[in-house]
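Here's the structure we're looking at; comments come further down.
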Amino acid sequence: MRTFTKLTVAIFLAASVFLFASPAFAEETITVEVRTIAADEEGDEFDSDLEDIRERLARGFDGYTSFEQIGQQTRQIERRDSADFELPTGDTLTLAYNGRADEFVKLGLTLGSRLSTTLRATPGSTFFQAGLSYEDSTLVLAITVK
């Protein structure tokens, strides 16, 4: 009878771990969207696909008057893993999910051999990385973490 009681308690404890840990498992994967944007100082065209970040682009890239979305990629990244995004310049953007710190998502960002950094982003937020030349424009990356 004692063996049965011990086995029942062990099963109950194991089941409790899985039931109460499921929200933590849900945070083990994030979704990242990378939009590639050609920004130019000539012209006044604004791609309607970028309307949700129009004000932020205008504020963050003063002097640029034309914005065209030229690509969009979405990847799911598991904790302690990374995903590659091929850019129209031929470069590769690598984003690594390094876990969470309070309400922030910790990301590693590598752009070929040109840039390697870590940052924290609030889920749902969009941040920008710019500086690569693309045709006669500047390539802007709009990175959204979900």
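The numbers here are math on the coordinates, done by the rules we state, and not lab data. A quick note: this is a predicted structure, and the numbers were derived from the prediction, not measured. Heads up, the Cβs are rebuilt from the backbone with ideal geometry, glycines too, and the neighbour counts pull from every protein chain shown.
If the label point is 7 Å along Cα→Cβ of residue 133, which residues in segment 97-123 have backbone nitrogen under 17 Å from it?
114
Just to check I understand the Karplus step: with θ = phi - 60° and J = 6.51 cos²θ - 1.76 cosθ + 1.60, what whole-Hz values come out for segment 39-52, glycine and proline as x?
Once rounded to whole Hz, the list reads 10, 9, 8, 10, x, 9, 7, 9, 5, 5, 5, 9, 4, 5.
Using the Karplus curve 6.51 cos²θ - 1.76 cosθ + 1.60 with θ = phi - 60°, what ³J(HN,Hα) values do you get for each residue of segment 54-61, in whole Hz, with x for Gly and Pro?
Once θ is set to phi - 60°, the couplings for segment 54-61 become 3, 4, 5, 5, 4, 6, x, 10 Hz.
Between residue 49 and residue 82, what is the FRET efficiency for a Förster distance of 22 Å, r being their Cβ-Cβ separation, to the nearest 0.05?
Result of the calculation: an efficiency of 0.25.
For residue 102 and residue 114 in the same chain, what is the full-extension length gain: residue separation times 0.36 nm, less their Cα-Cα distance, in nm?
Details: separation 12, 0.36 × 12 = 4.32 nm, distance 2.96 nm.
Length difference between fully extended and current span is 1.4 nm.
Equivalent ellipsoid semi-axes for segment 29-145, as square roots of 5 times the alpha carbon gyration tensor eigenvalues: give them largest first, rounded to whole Å.
25, 16, 12
Under the rule of at least 5 residues apart or a separate chain, name every residue whose amide H is placed under 5 Å from the amide H of residue 81.
Result for residue 81 returns 97.
Quick query: amide H of residue 112 versus all other amide H atoms, modeled in the peptide plane; which residues come in under 5 Å with a sequence gap of 5 or more or a different chain?
Answer set, sorted by chain and number: 92, 94.
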